[in-house]
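The values are calculated or read from the model by the stated rules, or taken from the named source; none is laboratory data. A quick note: this is a predicted structure, and the numbers were derived from the prediction, not measured. All Cβ positions, even for glycine, are placed from backbone atoms using ideal geometry, and neighbour counts span all protein chains on display.
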Amino acid sequence: MNHTYTFINSSSPKGSIVAKPQPLAWLAILSLVLFTLVCIFGGAAGILRTGYVVLSFIVGAFLYIKYPALYVGFTWWLWFVTPFIARVVDYKSVWDPSRFMLVSQYIVTLLTFHTLLKELPKSLRQGGLPFVLAFIGVFYGCLIGIIKTSPFTAARGLLDWLTPVTFGFYLFINWRDYPLYRRTLERTFTWGVLITGIYGVVQFLNPPDWDLFWLLNTKLTSMGDPEPLKLRVWSTMASPAPYAAMMMAGLILLFSNKQLIRIPASAVGYLAFLLTTVRTLWGGWLIAFFTFITSLKAHLQMRLFITILIMALCTVPLTQIEQFSDTITTRFQTFSNLEDDDSARIRQKIYEQGLHSALTNGLGNGVGNTFIVNEKGVLEPIIIDSGILDIFFTLGWFGAIFYLLGILMVFTQAFQYLEYSFDSFMAASRAISLGMLSTLLGNSGMLGMSGMILWGFIAIAMAGHKYHVHQRMSK
């Protein structure tokens with residue numbers, strides 16, 4: 001996943017990071033990997049459905065307490081691969097419509113809620129108010145959800161809303177270890193882009209049986225047809241949008257990576273990213289790219305242009321292969337003809353219908369409440385393909401004001417920092433979070449994987465600023 005480092009002497013002017021073996025941590029992680037493989041290939045996949053959730057939480061808790069850097073990397077990998085493992089388990093045993101295994105990454109991430117409660121008093125003095133405001137907004141939405149649905153339903157919805165905020169807070173409050181977490185994120189996303197990119201391309205050309213089995217059982221027509229060359233790539237994740245969010249972040253981070261592995265990772269990464277055909281995230285990548293490149297010094301920009309050229313030489317020829325070019329070209333053509341594009345028309349209709357309901361629902365529908373009473377007094381499912389509308393609809397005006405104020409504060413602070421000109425990782429992190437923020441108009445980019453990207457990367461940018469300020473003051 002990532003190499004392990006221990007940060008020492010953080011109060012010194014320069015600080016230092018030294019490698020330190022951590023065999024117990026890796027033994028814990030390997031135990032989960034081996035248990036998973038034995039259950040799948042040993043004909044006991046059904047046991048894994050519960051065992052994976054329990055063991056991943058135990059391993060996550062152990063790493064959270066003893067090895068924070070590995071905990072962060074481990075958490076991200078759970079988000080990357082757990083949906084894939086769940087599909088294999090369903091294929092090897094029986095279909096589970098509850099998708100119980102997917103709770104694994106949420107409960108491991110939710111361990112950071114302990115940090116929020118523990119560090120809450122002093123965090124307000126350190127600039128943590130935006131996270132507290134967002135938490136208040138989500139907590140209010142949870143209370144409304146409990147009243148309008150049930151504690152269990154509200155708790156399940158709360159996982160999507162709360163985990164990104166608490167995880168971001170965790171990275172921010174541990175700003176003294178910023179170099180440690182920076183290296184962890186760089187390695188985790190570099191290998192994540194490479195591995196999930198390769199799988200995504202294979203999935204498009206010759207989808208494995210467990211992916212086809214999952215697609216047929218979920219009946220998600222928006223994912224394409226269950227045939228080679230006709231799927232929208234979602235790789236190891238649950239759907240194309242979360243995967244595209246992860247790839248958008250990883251591909252921007254590759255620009256700040258100096259290792260040779262960035263070249264093959266970029267080649268398969270961009271190809272898989274384009275094969276998701278998620279236009280909202282394509283636009284988010286473009287915004288992130290221009291934000292990143294304009295924040296660097298001139299000599300770093302020149303170095304970046306050379307990197308971009310090398311990446312383009314490796315990626316563009318792949319996109320011209322007939323099996324890939326038809327899908328990619330067809331999707332790009334819809335940008336110039338949105339009037340005849342079905343998904344664009346559907347999204348516009350949803351926006352028109354949902355805008356009035358969202359803005360007039362003062363109390364909010366509550367976290368986890370996916371139904372509303374229509375004009376005829378009948379319950380109908382809520383379809384809101386917009387993060388902005390979703391915030392108002394779910395949290396109501398009271399919760400939305402707190403939540404959006406928290407987002408506004410973190411980005412206002414982040415755009416005042418001066419360290420982007422020399423810390424390319426900080427620049428990339430801010431760019432990634434801004435790119436994800438831009439998708440809120442057409443995507444619920446504050447929930448689940450997308451929310452982890454949004455809150456996690458703006459938080460690490462804030463942590464980087466505090467770290468650099470501390471280093472200057474210590475000299």
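Restricting the first residue to the stretch 31-48 and requiring it to be in the same structural domain as residue 74 (by TED's automatic domain parsing), which pairs with a second residue that is not in a helix (DSSP H, G or I) meet a Cβ separation below 6 Å and a spacing of at least six or different chains?
45/93; 46/93
State all residues of the stretch 200-221 that are in contact with a Ser or Thr (Cβ under 8 Å, 6 or more places away or on another chain), without any contact (Cβ under 8 Å) to a residue 60 or more places away in the chain and in a helix (DSSP H, G or I); if no residue qualifies, say none.
Correct list: 203 only.
Quick check on my filter: what residues within the stretch 284-302 are part of a helix (DSSP H, G or I), touching a helix residue (DSSP H, G or I) at 6+ places or on another chain (Cβ under 7 Å) and not aliphatic (A, V, I, L, M)?
Taking the stretch 284-302 first, the residues part of a helix (DSSP H, G or I) are 284-294, 298-302.
Still in the list and also touching a helix residue (DSSP H, G or I) at 6+ places or on another chain (Cβ under 7 Å): 284-285, 287-289, 291-293, 300-301.
If the condition is that a residue be part of a helix (DSSP H, G or I), touching a helix residue (DSSP H, G or I) at 6+ places or on another chain (Cβ under 7 Å) and not aliphatic (A, V, I, L, M), then 284, 285, 289, 291, 292, 301 are the ones that fit.
Go through the residues of the stretch 145-155 one by one and say whether even a single one is surrounded by 22 or more Cβ atoms within 10 Å (Cβ to Cβ), touching a helix residue (DSSP H, G or I) at 6+ places or on another chain (Cβ under 7 Å) and at pLDDT 95 or above. Break it down stepwise before answering.
Within the stretch 145-155, the subset surrounded by 22 or more Cβ atoms within 10 Å (Cβ to Cβ) is 145.
From what's left, touching a helix residue (DSSP H, G or I) at 6+ places or on another chain (Cβ under 7 Å): 145.
Those left that are additionally at pLDDT 95 or above: none.
No; the residues of the stretch 145-155 include none that is surrounded by 22 or more Cβ atoms within 10 Å (Cβ to Cβ), touching a helix residue (DSSP H, G or I) at 6+ places or on another chain (Cβ under 7 Å) and at pLDDT 95 or above.
Could you count how many residues in the stretch 399-454 are in a helix (DSSP H, G or I) and more than 20 Å from residue 165 (Cβ to Cβ)? Step through it out loud before you land on a result.
First, the residues of the stretch 399-454 that are in a helix (DSSP H, G or I): 399-414, 419-421, 424-441, 448-454.
Pick out the ones that are also more than 20 Å from residue 165 (Cβ to Cβ) and you get 419-421, 424-428, 431, 441.
Of the residues in the stretch 399-454, 10 are in a helix (DSSP H, G or I) and more than 20 Å from residue 165 (Cβ to Cβ).
Taking into account only those residues within the stretch 73-99 that are in a helix (DSSP H, G or I) and not hydrophobic (A, V, I, L, M, F, W, C), which is farthest from the chain's Cα centre (by Cα)? Before the answer, list the steps.
Just the residues of the stretch 73-99 that are in a helix (DSSP H, G or I), to begin with: 73-92.
Next cut, not hydrophobic (A, V, I, L, M, F, W, C) only: 73, 75, 82-83, 87, 90-92.
Values: 73: 13, 75: 11, 82: 13, 83: 13, 87: 20, 90: 24, 91: 26, 92: 28 Å.
Here the answer is 92.
Examine the stretch 48-57 for a residue that is more than 20 Å from residue 234 (Cβ to Cβ), in contact with a Leu (Cβ under 7 Å, 6 or more places away or on another chain) and assigned to a helix (DSSP H, G or I), and state whether such a residue exists.
Yes: the stretch 48-57 contains one or more residues that are more than 20 Å from residue 234 (Cβ to Cβ), in contact with a Leu (Cβ under 7 Å, 6 or more places away or on another chain) and assigned to a helix (DSSP H, G or I).
Collect the residues in the stretch 53-70 that are buried (at least 24 other Cβ atoms within 10 Å of the Cβ) and either over 27 Å from residue 172 (Cβ atoms) or of a type outside the set (A, V, I, L, M) (or both), keeping them in residue-number order.
56, 60, listed by residue number.
Does residue 254 satisfy the condition of being closer than 22 Å to residue 426 by Cβ, at pLDDT below 95 and touching a Gly at 6+ places or on another chain (Cβ under 9 Å)? Full working, then the answer.
Numbers: closer than 22 Å to residue 426 by Cβ: yes; at pLDDT below 95: yes; touching a Gly at 6+ places or on another chain (Cβ under 9 Å): yes.
Yes; evaluated as a whole, the condition is true for this residue.
In the stretch 425-473, which residues are within 15 Å of residue 408 (Cβ to Cβ) and of a type in the set (Val, Ile, Thr)?
Correct list: 458 only.
Quick check: anything in the stretch 333-354 at pLDDT 80 or above, touching a helix residue (DSSP H, G or I) at 6+ places or on another chain (Cβ under 6 Å), surrounded by 13 or more Cβ atoms within 10 Å (Cβ to Cβ) and more than 16 Å from residue 254 (Cα to Cα)? Quick ask: steps written out before the conclusion?
Our first condition is that a residue be at pLDDT 80 or above; within the stretch 333-354, this holds for none.
No, the stretch 333-354 contains no residue that is at pLDDT 80 or above, touching a helix residue (DSSP H, G or I) at 6+ places or on another chain (Cβ under 6 Å), surrounded by 13 or more Cβ atoms within 10 Å (Cβ to Cβ) and more than 16 Å from residue 254 (Cα to Cα).
From (1) over 30 Å from residue 22 (Cα atoms); (2) modelled with pLDDT of 95 or more; (3) out of contact with any helix residue (DSSP H, G or I) (no Cβ under 6 Å at 6 or more places or on another chain), pick out the condition that doesn't hold for residue 138.
Residue 138 satisfies all of (1) over 30 Å from residue 22 (Cα atoms); (2) modelled with pLDDT of 95 or more; (3) out of contact with any helix residue (DSSP H, G or I) (no Cβ under 6 Å at 6 or more places or on another chain) except (3).
Return the total of residues in the stretch 89-112 being within 12 Å of residue 46 (Cβ to Cβ) and hydrophobic (A, V, I, L, M, F, W, C).
Of the residues in that region, 5 qualify.
Yes/no per residue for (1) modelled with pLDDT of 95 or more; (2) surrounded by fewer than 21 Cβ atoms within 10 Å (Cβ to Cβ); (3) farther than 30 Å from residue 104 by Cα:
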{"site": "222", "(1), (2), (3)": "no, yes, no"}
{"site": "232", "(1), (2), (3)": "no, no, no"}
{"site": "277", "(1), (2), (3)": "no, no, no"}
{"site": "286", "(1), (2), (3)": "no, yes, yes"}
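Could you check, for the stretch 72-81, whether at least one of its residues is crowded, with 23+ Cβ neighbours inside 10 Å and in contact with a Leu (Cβ under 6 Å, 6 or more places away or on another chain)?
Scanning the stretch 72-81, I find at least one residue that is crowded, with 23+ Cβ neighbours inside 10 Å and in contact with a Leu (Cβ under 6 Å, 6 or more places away or on another chain), so the answer is yes.
Might you check whether a residue that is free of Cβ contacts under 8 Å to residues at least 24 places away in the same chain, within 19 Å of residue 309 (Cα to Cα) and of a type in the set (A, V, I, L, M, F, W, C) occurs anywhere in the stretch 242-260? Break it down into steps so the answer makes sense when it comes.
So in the stretch 242-260, the residues free of Cβ contacts under 8 Å to residues at least 24 places away in the same chain come out as 258, 260.
Applying the additional criterion that residues be within 19 Å of residue 309 (Cα to Cα) yields 258, 260.
Applying the additional criterion that residues be of a type in the set (A, V, I, L, M, F, W, C) yields 260.
Scanning the stretch 242-260, I find at least one residue that is free of Cβ contacts under 8 Å to residues at least 24 places away in the same chain, within 19 Å of residue 309 (Cα to Cα) and of a type in the set (A, V, I, L, M, F, W, C), so the answer is yes.
Mind listing just one residue for me: the one in the stretch 159-174 that is of a type in the set (A, V, I, L, M, F, W, C) and buried (at least 22 other Cβ atoms within 10 Å of the Cβ) and, of those, farthest from residue 123 (Cα to Cα)?
Restricting attention to the stretch 159-174, the residues satisfying the condition of being of a type in the set (A, V, I, L, M, F, W, C) are 159, 161-162, 165, 167, 169, 171-173.
Checking the rest, the ones that are also buried (at least 22 other Cβ atoms within 10 Å of the Cβ) come to 161-162, 165, 167, 169, 171-173.
Details: 161: 20, 162: 17, 165: 14, 167: 14, 169: 9, 171: 12, 172: 9, 173: 7 Å.
Here the residue is 161.
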